[in-house]
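> Below: one structure in structure tokens.
The values are calculated or read from the model by the stated rules, or taken from the named source; none is laboratory data. Since the model is a prediction, treat every value here as computed from it, not as a measurement. Neighbour counts are summed over all protein chains in view; Cβ atoms, including those assigned to glycine, are modelled from backbone coordinates with ideal geometry. For the accessible areas, the whole protein counts, side chains as well, though only heavy atoms, and no ligand, DNA or RNA atoms are used. Shrake-Rupley method; radii C 1.70, N 1.55, O 1.52, S 1.80 Å.
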Amino acid sequence: MSISHHFSTCPLDCPGACALEATLEEGKLVRLKGDKRHPFTQGVICGKVTRYAEIQNGERILTPLIRTGVKGEGTFRRASWDEAMEMVARRLGETVDQWGPESVYPYYYGGTMGVLQRSALDRLTHRAGFSRIERTICYPIGAAGWNAGVGNDLGPDASRMEESDLVILWGINAVSTHINLMRFVKTARKRGARLVVVDPYRNRTAKLADLHVNPRPGTDGALAAAMMGEILREGLADRDYLASYTDFDPAMEDHLRSKTPEWAAQITGLEASVIREVARLVGESRAAFIRIGLGMARQMNGAVNVHAVACLPALTGAWSRAGGGALFSTGGRFPVDAEPVIMKRFMGAGGGQPARSLDMSLLGRWLTDPGLGPKVHALAVMNANPAVSCPDAGRVRRGLAREDLFTVVAEQVMSDTARFADVLLPATTFLEHDDLYKSYGQHTLQHATALLPPRGEARCNHDVVNELARRLGYDDAAFHRGVGETIDAVLQASGLPEAGAWAGKRWLDFSPNEAEAAFTGGFPTADGRFHFHPGWDDPKMPPMPDHWPVNLRDGAGGEGDYPLDFMTPPDHEVLNSTFNIAPAVRERRGPPLLWINPADAAARGIADGDRVAVFNDLARLTMTARVTDDVRPGLCLTESNRPAADFPENLPLNALSHDAPVAPAGGPAFHDNRVEVEKA
Ligand SMILES: Nc1nc2c(c(=O)[nH]1)N[C@H]1C(S)=C(S)[C@@H](COP(=O)(O)OP(=O)(O)OC[C@H]3O[C@@H](n4cnc5c(=O)[nH]c(N)nc54)[C@H](O)[C@@H]3O)O[C@H]1N2
Ligand SMILES: Nc1nc2c(c(=O)[nH]1)N[C@H]1C(S)=C(S)[C@@H](COP(=O)(O)OP(=O)(O)OC[C@H]3O[C@@H](n4cnc5c(=O)[nH]c(N)nc54)[C@H](O)[C@@H]3O)O[C@H]1N2
Ligand code: SF4
Ligand SMILES: [Mo]
């Protein structure tokens with residue numbers, strides 16, 4: 001039997017971007033494990049990707065397919081690449097002729113995070129003048145909050161926390177969503193650090209904490225402001241740091257001093273004594289390190305809350321001490337110029353205006369709004385499964401079901417979105433194509449090459465886009481490059497050595513030095529200071545760290561008044577909707593559960609294991625009750641990101657999620673919904 005070992009990089013939308021070692025047996029993937037030599041991965045990866053063979057060798061789409069049945073039903077006939085591509089080119093061409101290029105909407109997200117394979121659609125979009133995609137579904141809310149204080153999505157390496165004496169995981173369920181982080185947490189704790197987890201529910205990470213602080217969702221602004229008030233009143237602020245490195249002023253001091261634990265207790269649902277305790281822990285620690293997650297941003301007031309939390313290490317001066325500070329994302333650290341992939345220069349090259357940009361999180365509206373001019377008549381999807389992952393998914397599906405909409409989807413598996421395709425194109429996995437990988441949780445740029453031939457007739461996004469562009473008549477050099485040539489072009493545009501010359505390594509390390517990590521040379525803001533004053537452009541947003549009462553609980557979002565907060569945080573066993581349909585995964589995770597507090601369950605006559613209906617104005621879904629005090633009274637949740645097949649209503653979990661854009665830059669408030677629950 002021939003067994004061989006190869007290196008790769010996890011392409012999934014996860015902060016780890018783990019370096020992998022693959023074991024192949026007779027040319028077939030057996031198992032993946034973490035690469036021990038990689039400085040961040042250090043041999044640790046999550047269970048889901050260990051078992052990636054469940055996708056790689058599982059039920060894949062192996063040939064182009066053309067729809068024969070009703071949209072959404074998933075019945076297709078086999079086609080050749082030539083027939084399928086001819087049809088796509090013809091239909092897109094006709095659509096452009098009849099309604100103009102903006103009536104075509106290319107749609108992609110993070111199925112793969114590879115620099116080439118992720119954004120391939122962009123260069124065709126820019127060349128043809130199709131509607132552009134505004135990529136709001138995940139990042140912009142948290143980034144807006146962080147950037148309002150720090151100025152850019154830069155920070156220390158997460159390994160900095162090993163030197164910390166107090167680690168706070170704030171709105172990040174790292175055990176499930178960023179396992180590598182937990183190794184640094186472990187080291188810090190061995191050296192005496194305490195672990196605080198701030199999360200509305202007792203998730204897998206909170207179960208490991210010394211102190212779990214469970215505010216109501218969307219109240220971190222109040223919690224952080226009151227903690228700062230307490231730190232100021234107790235004389236625990238670092239005055240020298242504030243004066244040298246921040247815009248802290250008497251107005252800010254007066255404002256924060258007025259925020260008491262009793263005030264925040266009313267809003268957060270926490271005991272005032274708990275708020276005092278955590279404030280003191282932060283104020284008295286030498287170098288608290290706060291890892292801010294994206295989860296806490298998925299609230300109508302999420303950006304305001306992230307900014308407020310990011311102010312804490314500036315108030316205590318923790319930034320200036322080894323092990324201290326905060327991290328939201330490492331994404332801004334990579335000097336990678338992806339222009340050869342996305343070809344922005346094509347945009348408006350003929351002297352015209354750039355095409356309109358449509359917010360991806362409002363897909364349901366774009367597909368169904370009769371007032372949109374021009375309407376979306378053709379949709380091209382890659383690396384995304386909006387029928388499951390988009391909010392107001394019921395509306396998305398009504399749009400996808402339109403008979404007058406032409407939809408082409410490139411996919412590895414029969415996802416919910418793939419079922420709505422007119423033409424379905426088989427996509428390669430990361431083990432079957434080459435790419436470059438940045439990260440939003442660590443600092444290495446990795447180069448990974450194909451280990452396996454494509455299964456069936458699968459092709460990579462890069463090549464599919466190029467062929468489609470050529471068939472549409474675009475003959476530019478960018479559409480004639482092979483994957484290897486585009487990788488070379490990106491590295492060259494970035495001023496980086498070609499991959500063959502990375503000193504025998506598969507990565508380049510862009511970790512910040514101590515001065516960069518601690519911002520001792522100043523913050524990446526216009527004036528070099530950390531901004532307690534967020535300076536929001538939107539005048540409705542609070543000018544100083546505060547509670548901003550615009551959550552659904554406060555009557556925002558336009559939904560009717562339902563009594564329970566409802567969150568949909570990520571599930572341990574899947575990554576967004578990737579892995580959703582693998583039979584072994586379905587088996588392991590069982591049916592969707594509604595986590596509900598015993599008091600709320602009793603008030604509704606619901607017992608553990610009962611079938612319950614969860615509903616609001618948008619949808620009604622039947623699931624199984626899990627009665628537990630892991631959620632506080634007034635809060636219920638279902639770990640996401642469940643496909644339609646998991647509910648008898650044949651709607652995905654996100655049918656319950658509203659799509660109201662979050663200030664200031666858009667993006668969905670996935671963890672800020674309201675529902676009622678009753679026995680089914
Ligand atoms: N297993 C697994 N891993 C994943 C993913 C997955 O689906 N499954 N998805 C990947 C992707 S795309 C991303 S963006 C990351 C996201 O990973 P994280 O940054 O961890 O974000 P979330 O998992 O959305 O939410 C984290 C926690 O925030 C909590 N939360 C919700 N609202 C609030 C609030 O108002 N305040 C506070 N303090 N906490 C709140 C939730 O309860 C949840 O436990 O994970 C990646 N990794
Ligand atoms: N309820 C709820 N909804 C959420 C979230 C939540 O916390 N709660 N989180 C949100 C977040 S953070 C995110 S980032 C989004 C993610 O939303 P999406 O980006 O839509 O992520 P996935 O649902 O995983 O879909 C990715 C798809 O890309 C496919 N794919 C992978 N690699 C390739 C490739 O190389 N080529 C092609 N053509 N396809 C490929 C996969 O098979 C998969 O079906 O979901 C959001 N939705
Ligand atoms: S999903 Fe995340 S933790 Fe798992 S292997 Fe990929 S990058 Fe690593
Ligand atoms: Mo995400």
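Rundown of residues vs (1) within 26 Å of the chain's Cα centre (by Cα); (2) aromatic (Phe, Trp, Tyr); (3) assigned to a loop (DSSP other than H, G, I, E, B), yes/no style:
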{"site": "625", "(1), (2), (3)": "no, no, no"}
{"site": "648", "(1), (2), (3)": "no, no, yes"}
{"site": "663", "(1), (2), (3)": "yes, no, yes"}
{"site": "671", "(1), (2), (3)": "yes, no, yes"}
{"site": "677", "(1), (2), (3)": "no, no, no"}
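> Within the set of pairs 6 or more residues apart or between chains, which connect a residue that is at positive phi inside the stretch 304-321 to a residue that is of a type outside the set (Gly, Ala, Ser) with Cβ atoms less than 6 Å apart?
317/238; 317/241
> Here is a list: 65, 92. Which entry is farther than 21 Å from residue 450 by Cα, surrounded by 19 or more Cβ atoms within 10 Å (Cβ to Cβ) and more than 15 Å from ligand 2 (Cβ to nearest atom)?
92
> Just wondering, is there one or more residues in the stretch 400-407 that are buried (at least 24 other Cβ atoms within 10 Å of the Cβ), away from ligand 1 (no atom under 16 Å from the Cβ) and closer than 19 Å to residue 576 by Cα?
The answer is no; no qualifying residue exists.
> I'd like to know if the stretch 170-185 contains one or more residues that are open to solvent by 40 Å² or more (accessible area, probe 1.4 Å), in a helix (DSSP H, G or I), within 16 Å of ligand 3 (Cβ to nearest atom) and touching a Cys at 6+ places or on another chain (Cβ under 9 Å).
yes
> Let me ask something else. Conditions first: (1) among the small types (Gly, Ala, Ser); (2) under 27 Å from residue 224 (Cα atoms); (3) assigned to a loop (DSSP other than H, G, I, E, B). Residue 373 passes all but one, so which condition is the exception?
Here residue 373 clears every test but (2).
> While we're looking at this one, here's another question. If the requirement is being of a type in the set (Ser, Thr, Tyr), modelled with pLDDT of 95 or more and touching an Asp or Glu at 6+ places or on another chain (Cβ under 6 Å), which of these qualifies: 205, 187, 177?
Result of the check over 205, 187, 177: 187.
> Kindly indicate the residue of the stretch 660-680 that is among the β-branched types (Val, Ile, Thr) and under 24 Å from residue 610 (Cβ atoms) and also farthest from ligand 3 (Cβ to nearest atom) among those meeting that condition.
677
> Taking only the stretch 446-465 into account, find how many residues are in contact with a helix residue (DSSP H, G or I) (Cβ under 6 Å, 6 or more places away or on another chain) and open to solvent by 20 Å² or more (accessible area, probe 1.4 Å).
Matching residues across the stretch 446-465 total 1.
> Go through (1) open to solvent by 10 Å² or more (accessible area, probe 1.4 Å); (2) in a helix (DSSP H, G or I) and name the single condition residue 188 misses.
(1)
> Can you confirm whether the stretch 18-39 contains a residue that is open to solvent by 20 Å² or more (accessible area, probe 1.4 Å) and within 16 Å of ligand 2 (Cβ to nearest atom)?
no
> Taking the options 616, 597, name whichever one is open to solvent by less than 30 Å² (accessible area, probe 1.4 Å) and free of Cβ contacts under 8 Å to residues at least 40 places away in the same chain.
One residue alone meets the criteria, 597.
> Which one is modelled with the lowest pLDDT, of the residues in the stretch 554-592 that are open to solvent by 30 Å² or more (accessible area, probe 1.4 Å) and within 14 Å of ligand 2 (Cβ to nearest atom)?
Applying the filter and picking the extreme gives 581.
> Restricting to the stretch 466-483, and then to whatever is open to solvent by 40 Å² or more (accessible area, probe 1.4 Å) and in a helix (DSSP H, G or I), can you tell me which residue is farthest from residue 55 (Cα to Cα)?
477
> Also, I was wondering about something else. Check 11, 15 and return the single one that is in contact with a Ser or Thr (Cβ under 8 Å, 6 or more places away or on another chain), within 16 Å of ligand 1 (Cβ to nearest atom) and over 21 Å from residue 426 (Cβ atoms).
Only one candidate qualifies: 15.
> Something else about it: Answer with yes or no whether residue 440 is aromatic (Phe, Trp, Tyr) and surrounded by fewer than 19 Cβ atoms within 10 Å (Cβ to Cβ).
For residue 440, the condition - aromatic (Phe, Trp, Tyr) and surrounded by fewer than 19 Cβ atoms within 10 Å (Cβ to Cβ) - is not met.
> Among the candidates 637, 651, 656, single out the residue that is away from ligand 3 (no atom under 16 Å from the Cβ) and open to solvent by 10 Å² or more (accessible area, probe 1.4 Å).
Checking each option against the conditions leaves just 651.
> May I pose another question? Look at residue 463 and say whether it is farther than 30 Å from residue 251 by Cβ, part of a helix (DSSP H, G or I) and not aliphatic (A, V, I, L, M).
yes
> Quick test of your reading of the structure: residue 141 fulfils all but one of (1) under 20 Å from residue 385 (Cα atoms); (2) open to solvent by less than 20 Å² (accessible area, probe 1.4 Å); (3) within 15 Å of ligand 1 (Cβ to nearest atom). Name the failing condition by number.
(1)
> Would you confirm whether or not the stretch 53-62 contains a residue that is open to solvent by 10 Å² or more (accessible area, probe 1.4 Å), within 15 Å of ligand 1 (Cβ to nearest atom) and within 25 Å of the chain's Cα centre (by Cα)?
yes
> Can residue 503 be described as out of contact with any Pro (no Cβ under 8 Å at 6 or more places or on another chain) and surrounded by fewer than 19 Cβ atoms within 10 Å (Cβ to Cβ)?
Against the criterion (out of contact with any Pro (no Cβ under 8 Å at 6 or more places or on another chain) and surrounded by fewer than 19 Cβ atoms within 10 Å (Cβ to Cβ)), residue 503 qualifies.
> When the stretch 350-360 is examined, which residues are found to be open to solvent by 10 Å² or more (accessible area, probe 1.4 Å), at negative phi and either without any contact (Cβ under 8 Å) to a residue 40 or more places away in the chain or in contact with a Ser or Thr (Cβ under 8 Å, 6 or more places away or on another chain) (or both)?
Scanning the stretch 350-360 gives 350, 353, 355, 356, 357, 359.
> Could you list, ordered by first residue, the pairs with Cβ atoms under 9 Å in which the first is in the stretch 100-121 and at positive phi and open to solvent by 10 Å² or more (accessible area, probe 1.4 Å) and the second is part of a strand (DSSP E or B) and of a type in the set (Val, Ile, Thr), at least 6 apart or interchain?
Cβ pairs passing all conditions: none.
> Right, another one. Need the failing condition index for residue 520 against (1) touching a helix residue (DSSP H, G or I) at 6+ places or on another chain (Cβ under 8 Å); (2) of a type in the set (Ser, Thr, Tyr); (3) open to solvent by 20 Å² or more (accessible area, probe 1.4 Å); (4) within 25 Å of residue 20 (Cβ to Cβ), just the number.
Every condition holds for residue 520 apart from (4).
> Additional query: Enumerate the pairs (first residue in the stretch 568-581 and touching a residue at least 24 places away in the same chain (Cβ under 8 Å); second residue anywhere and acidic (Asp, Glu)) with beta-carbon separation below 7 Å, excluding pairs fewer than 6 apart on the same chain, so at least 6 apart or on different chains.
Filtered contacts from the stretch 568-581: 569/639; 570/639; 571/639; 575/13; 576/13; 579/573.
> Testing residue 82 on (1) touching a Cys at 6+ places or on another chain (Cβ under 6 Å); (2) away from ligand 2 (no atom under 16 Å from the Cβ), one condition comes back false. Which one is that?
Status for residue 82: all satisfied but (1).
> Would you tally the residues in the stretch 403-426 being in contact (Cβ under 8 Å) with a residue 60 or more places away in the chain and not in a strand (DSSP E or B)?
11
> Assess whether residue 170 counts as being closer than 30 Å to residue 526 by Cβ, within 16 Å of ligand 4 (Cβ to nearest atom), touching a residue at least 40 places away in the same chain (Cβ under 8 Å) and aromatic (Phe, Trp, Tyr).
Criteria not met by residue 170.
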